[in-house]
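Take a look at the structure set out below.
Each value in this text was obtained by applying a stated rule to the coordinates, not by laboratory testing. Since we're looking at a predicted model, the values are computed, not measured. As a convention, Cβ positions derive from the backbone with ideal geometry for all residues, glycine included, and neighbour counts pool all protein chains shown.
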Amino acid sequence: MKKKIRAIISGGGTGGHIFPAVAIAGQLMEENPDNEILFVGAEGRMEMEKVPAAGYKIVGLPVAGLQRNLALSNLALPFKVIKSVMMAGRIIREFKPDIAIGVGGYASAPLLWSACRRGIPTLIQEQNGFAGLTNRILGKRADRICVAYDGMERFFPAEKTVKTGNPIRKGIGPVTEQMRLDAMECYSLDPAKRHIFIVGGSLGSGTLNRSVREWIEAGCPGGENLEILWQCGKYYKPSTDAFMEEAAAKGLGGETLKHIRHFDFIKRMDLAYAAADVVVSRSGASSVSELSAVGKAVIFVPSPNVAEDHQTHNAMALVKKDAAMIVSDADAPQILMKEACSLVHDKRKIAELEKNIVTFARPDAAKAIADEVYKLV
């Protein structure tokens with residue numbers, strides 16, 4: 001058993017930051033159950049709910065991001081940053097961490113900056129193939145930067161950069177036949193049919209949802225012998241419920257409509273992945289890492305609403321190796337479901353994509369990052 005340490009993990013904002021952070025915390029607790037871990041997040045963001053649900057204490061900072069439009073909230077940003085830096089300093093003085101770990105997101109900046117000033121070892125975990133602005137700035141002073149893609153030395157000092165991969169949620173890994181059977185039962189699916197899983201990230205995706213709706217309105221072309229699991233997102237669930245009711249009343253989609261199951265959020269992602277012959281997904285870092293771990297044929301639809309278009313960089317790293325397919329956000333409403341229906345019946349192409357995507361899997365990522373933490377401490 002390794003020595004007991006006290007660690008602060010900061011960042012969040014989306015599942016793509018939170019899930020790796022919780023995975024790192026979980027690995028540190030495996031290294032020594034007496035380790036003490038404190039999370040620092042941004043007030044009002046997803047981490048303030050998800051982290052306590054995972055069993056960890058979290059403190060919120062008032063920090064927020066700069067709005068790209070001329071929003072009045074931008075005027076308050078400097079004051080929020082100053083207050084957050086002061087609070088971060090107080091948190092560090094009181095908790096006395098051995099190391100500060102940043103996973104990206106608003107809250108990681110004031111916490112890691114304060115830790116660097118006090119000479120506390122710092123580690124950054126960059127999930128994406130194009131580094132975010134916060135991490136690029138912090139990387140100049142951080143002691144270690146753990147990355148998931150090759151070529152990240154163009155953003156960070158090479159001597160500090162280590163390729164570890166992205167940590168993923170527990171239970172996500174290679175699919176067994178028993179898992180597939182469990183998935184069929186869990187979601188009341190027919191094993192004799194082909195299956196597509198559509199997932200727009202932890203918050204849902206307006207583009208993916210619109211793509212499915214337009215496909216249904218067109219009569220579900222290519223949807224024969226097909227069942228669909230569709231995570232539409234909490235925000236979009238009421239409108240999706242209304243659309244599906246209206247589609248059924250109008251007789252849209254024929255028999256295929258009866259085989260589309262939509263959810264606001266799918267808790268058993270392991271079984272949803274196990275059920276799928278093809279996955280349609282955004283290409284956030286966590287999604288890419290999980291799909292690599294389960295070895296699924298995937299069509300990525302990168303979100304355009306992210307900094308530096310990093311989701312396209314994430315997806316193209318796989319597309320260039322014939323490990324995934326890609327459809328642009330702009331083209332998705334017209335062609336996405338046509339591509340998905342074509343792929344789901346092309347078993348040879350699916351086998352090729354599955355074979356290639358598993359080469360990107362890093363099931364030991366959390367352990368590799370924990371090892372770097374202990375080296376620094």
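Evaluated over the Cα positions of the chain, the convex hull gives a direction-averaged projected area, one quarter of its surface, of 19.0 nm². The stretch 200-247 and the stretch 80-133 have Cα centres separated by 39 Å.
The average projected area of the stretch 283-377, computed from the convex hull of its Cα atoms over all directions, is 7.2 nm². Label sites at Asp150 and Lys321, each approximated as a point 7 angstrom past Cα along Cα to Cβ, lie 0.8 nm apart. Between helix 310-319 and the chain, what is the angle of the helix's C-alpha long axis to the longest principal axis, kept within 0 to 90° and rounded to the nearest 10? Long axis of 310-319 versus the principal axis of the chain: about 60 degrees. Working from Cα positions, state the angle (0 to 90°, nearest 10) between the long axis of helix 365-376 and the longest principal axis of the chain. Compared with the principal axis, the helix lies near 10 degrees. Could you tell me which of rounded, prolate or oblate describes the stretch 213-342, using a ≥ b ≥ c as the square roots of the eigenvalues of the alpha-carbon gyration tensor, with rounded for a/c under 1.5 and, failing that, prolate when a/b is larger than b/c and oblate otherwise? Because a/c hits 1.5 or more and a/b exceeds b/c, the stretch 213-342 counts as prolate. Label separation (Lys163 vs Arg90): 4.4 nm, computed from points 7 Å beyond Cα along the C-beta direction. Put simply, the C-alpha atoms of the stretch 87-188 give a gyration tensor, and the ellipsoid matching it has half-axes of 34, 19, 11 Å, longest first. For the stretch 294-377, trypsin sites (Lys or Arg not before Pro) meeting the loop criterion (DSSP other than H, G, I, E, B) and having at most 10 other Cβ atoms within 10 Å: Lys320. Just checking the listed ones, Ala218, Ala351, Ala148: in the Gaussian network model of the chain with Cα springs under 10 Å, the one fluctuating most is Ala218.
For the stretch 89-175, chymotrypsin sites (Phe, Trp or Tyr not before Pro) meeting the loop criterion (DSSP other than H, G, I, E, B) and having at most 15 other Cβ atoms within 10 Å: none. Computed across the stretch 165-246, the Kirkwood radius stands at 14.8 Å (inverse of mean 1/r, all Cα pairs). 3J(HN,Hα) couplings calculated from phi for the stretch 270-286 with the Karplus curve 6.51 cos²θ - 1.76 cosθ + 1.60 (θ = phi - 60°) are, in sequence order, 4, 6, 5, 4, 4, 6, 7, 8, 9, 10, 10, 8, 5, 10, x, 4, 5 Hz; Gly and Pro show x.
Ignoring the sites themselves, what is the longest stretch of the chain with no GluC sites (Glu not before Pro) in a DSSP loop and at most 16 other beta-carbon atoms within 10 Å? It runs 44-223.
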